[in-house]
Amino acid sequence: MSVAPTDLSPRPPEHPAGHPAGHPAGHPAGHSAGRFGTAPAAPTGGIDWASDTHAVAVVAGDGTPLDRFTVTHTRAGLRGLCRRLRRAGVDQVGIERGDGPLVDALLAAGFTVFVIPPLQVKNLRGRYGSAGNKDDRFDAYVLADVVRTDRARLRPLVLDTPATVTLRATCRARKDLVAHRIALAN
């Protein structure tokens, strides 16, 4: 009976599901899910939500910033945002909130939207060497880059059913009426 010699040569560390070291979700920077050697991923977008204007960043598949701009929170501004993201080749967008007219416009335009909570964005700033100070333009970049690198860990939003939209509008209207009643009583 013969025994095959044991291979004692050094091997790279084992990672779950064959993910190489240093690459989130097992994909080298700038590559989409699948085998190595695939074409670079499409650009991704990040939007730092605000009440009046939104900071937007577009990041290439290799992580290079392609564009940074702001848009107003108006119907025309949101339409312009969707057109500009499409022209840049963006299909997937990261944002800190999962509701409101901005998200509705992105979903209606066919974008895949990923919600990354504000506390998570705050913690992710350290990944990029930020001191942790709040900067809307930088947060938009972080959101776009996290979608690029960690999309396998993120869950996309889906369009609400008509019943859910109606219920949400009714709840908002009730909340506004209660606030108005309280303001009148004071």
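The numbers here are math on the coordinates, done by the rules we state, and not lab data. Owing to the predicted nature of the structure, the values given are computational and were not obtained by experimental measurement. Neighbour counts run over all protein chains shown; Cβ positions are idealised from the backbone, glycine included.
Could you list, in sequence order, the residues of region 49-62 that are under 17 Å from the mean Cα position of the chain (by Cα), of a type in the set (Gly, Ala, Ser) and surrounded by fewer than 16 Cβ atoms within 10 Å (Cβ to Cβ)? Within region 49-62, Ala50 is the sole residue that qualifies. Of the residues making up region 164-177, those that are surrounded by 11 or more Cβ atoms within 10 Å (Cβ to Cβ) and among the hydroxyl-bearing types (Ser, Thr, Tyr) number 1.
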